[in-house]
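Computed from the coordinates by the stated procedures, all read-outs in this text should not be read as laboratory data. The model shown is predicted, which means the values in this text are computed figures rather than measured ones. Cβ coordinates were reconstructed from backbone atoms using ideal geometry, including for glycine residues, and neighbour counts include every protein chain displayed.
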Amino acid sequence: MLTNFLIERYQKNGTIREDDQKKLGNQASIIGMALNIILAVSKMLAGVLFHSVAVLADGINNLSDSGNALILLISFRLSSKPADKEHPFGHERYEYLASMVVGASILMLSFEMFKSSLDKILHPQPITASFLVIGVLIFSILVKLWLGIFYRRCADAIHSTVLKASSADSFNDVISTGAVLLSTIIAMLFSINLDGYMGIIVAVLILKTGLEVLKEAANKILGEAPDAETVANIENKILSYPGVCGIHDFMMHSYGPNRTFVSVHVEVDSKVDVLESHDMIDRIEQDFLKNENIHMVVHMDPIVLDNPKINQLYDEVKNCIRSLSEELQIHDFRAVIGPTHTNLIFDCVIPYSCSISSDVIQKAVDQLLSEKEETYYSVITFERPYN
């Protein structure tokens with residue numbers, strides 16, 4: 001109910017404005033911080049009173065989570081700073097740096113928990129099992145389950161990487177606390193001390209979460225390939241404009257959840273008036289900025305559509321290259337005809353999944369052209385895809 005209230009409070013026509021996204025992120029951070037402090041204090045007291053290193057370690061984990069929530073709050077504050085002379089693309093990548101800090105703190109915590117749990121195995125102490133401890137752990141599982149769902153829904157609503165990481169950490173806590181609860185119940189019923197072993201399980205689970213958080217944040221900072229569905233939606237929308245014959249050289253850059261830049265080459269009929277085509281290009285750029293919050297730069301490529309000879313050569317070269325691999329693509333095909341030779345100029349895109357070398361492609365095309373006409377020469381620019 002609280003989740004729906006917070007999201008619907010800022011949501012208008014199914015979207016949340018950038019300023020309101022930061023407000024929702026701040027409120028989610030504060031709620032997470034408060035709940036984790038409550039859980040940390042209750043578990044740490046229970047762990048000390050009843051001599052359970054697993055419960056104590058779980059409490060320290062919650063204390064770390066409250067610190068991470070503080071980091072979230074700071075990151076939302078910093079990432080909301082407007083663009084300036086030194087950072088013309090804004091400050092939203094602070095959120096990715098915050099995710100790195102969260103991941104590093106999770107790793108440090110897992111190492112400390114592993115050490116203390118190993119010491120507990122080597123030097124076991126009797127556990128004073130209590131229904132109070134069980135009650136605290138059950139309460140923690142319910143709170144963490146709710147907090148994981150809360151973080152995830154907020155992350156989806158505002159496209160937040162750091163909230164998504166916190167959601168994964170919360171769900172991981174549900175599993176780890178469940179393991180501690182199981183060891184406590186076993187100790188009560190059968191007087192078997194699994195406290196240290198469960199502590200190690202908790203430490204390993206936390207380590208796994210920390211590595212996943214670090215990996216995702218690092219990918220964002222390094223510049224990962226955009227989501228295939230997002231790329232397809234953008235390409236289909238561009239192709240829906242009357243006058244667009246095709247697109248290529250699509251590049252997408254993200255400087256944060258709300259800082260997306262796209263550059264693309266759009267093919268237009270060379271016979272259409274250049275001012276008319278340019279007006280269409282401007283409309284595409286403006287529409288994406290207004291409706292999708294995407295800063296788009298479109299390069300206009302006029303192409304010849306009614307030259308039978310060029311179209312035939314294009315089809316033959318394309319089929320030749322496709323015979324090597326269906327993954328290969330060509331674009332910007334044109335001919336420069338001279339008195340002694342004709343250059344066939346085009347770009348060939350080689351996906352990272354394709355093992356065929358550019359030399360093999362070059363030789364296959366040259367062989368095809370030599371069979372057609374000795375004066376034909378290929379000028380191929382090989383490139384890798386960015387999407």
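At-a-glance table
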read-out	value
Additional length obtainable on full extension of the chain from Glu327 to Arg17, 0.36 nm per residue less Cα span	107.7 nm
Identified option (computed semi-axes √(5λ) of the Cα gyration tensor in Å; candidates (1) 47, 24, 19; (2) 58, 26, 15; (3) 35, 26, 18)	(2)
Overall dimensions of the stretch 2-222 by Cα: Rg and Dmax, Å	18.7, 67
Helix runs (DSSP H) in the chain reaching 15 Å along axis by Cα, Kyte-Doolittle at least -1.0	18-49, 53-79, 94-122, 131-158, 161-190, 195-222, 228-239, 274-292, 308-324, 358-372
Which listed pairs, of Lys115/Lys144; Lys85/Lys290; Lys120/Lys220; Lys22/Lys208; Lys271/Lys363; Lys208/Lys237, have C-alpha distances above 31 Å, in listed order	Lys120/Lys220; Lys271/Lys363; Lys208/Lys237
Kirkwood Rh in Å, taken over the stretch 308-383 so that all alpha-carbon pairs contribute	12.5
Square roots of five times the Cα gyration tensor eigenvalues for the stretch 32-100, Å	37, 10, 5
Value at 222 nm in deg cm²/dmol, rounded to 500, when DSSP H runs of n ≥ 4 in the chain each add -39,500 (n - 2.57)	-22000 deg cm²/dmol
Translational diffusion coefficient (Stokes-Einstein; Kirkwood radius from C-alpha pairs) of the stretch 157-249 at 10 °C, 1.306 mPa s, in µm²/s	92
Net charge contributed by nearby residues that have their C-beta within less than 15 Å of Leu369 (K/R +1, D/E -1)	-1
Residues whose placed amide H lies under 5 Å from that of Ile294, excluding near-sequence neighbours	Leu289
Loop sites in the stretch 196-289: trypsin sites (Lys or Arg not before Pro), DSSP, at most 14 other Cβ within 10 Å	Lys271
Distant-in-sequence amide H partners of Gly246 (H built 1.01 Å from N, under 5 Å)	Glu267
Difference of contour (0.36 nm per residue) and Cα-Cα distance, Gln312 to Cys354	12.5 nm
Convex hull of Cα atoms in the stretch 245-305, direction-averaged projection (nm²)	4.1
Inter-probe distance in nm under a simple model that places probes 7 Å from Cα toward Cβ, at Val304 and Phe261	3.5
Rounded Å value of the spacing that divides the Cα centres of the stretch 188-209 and the stretch 333-351	66
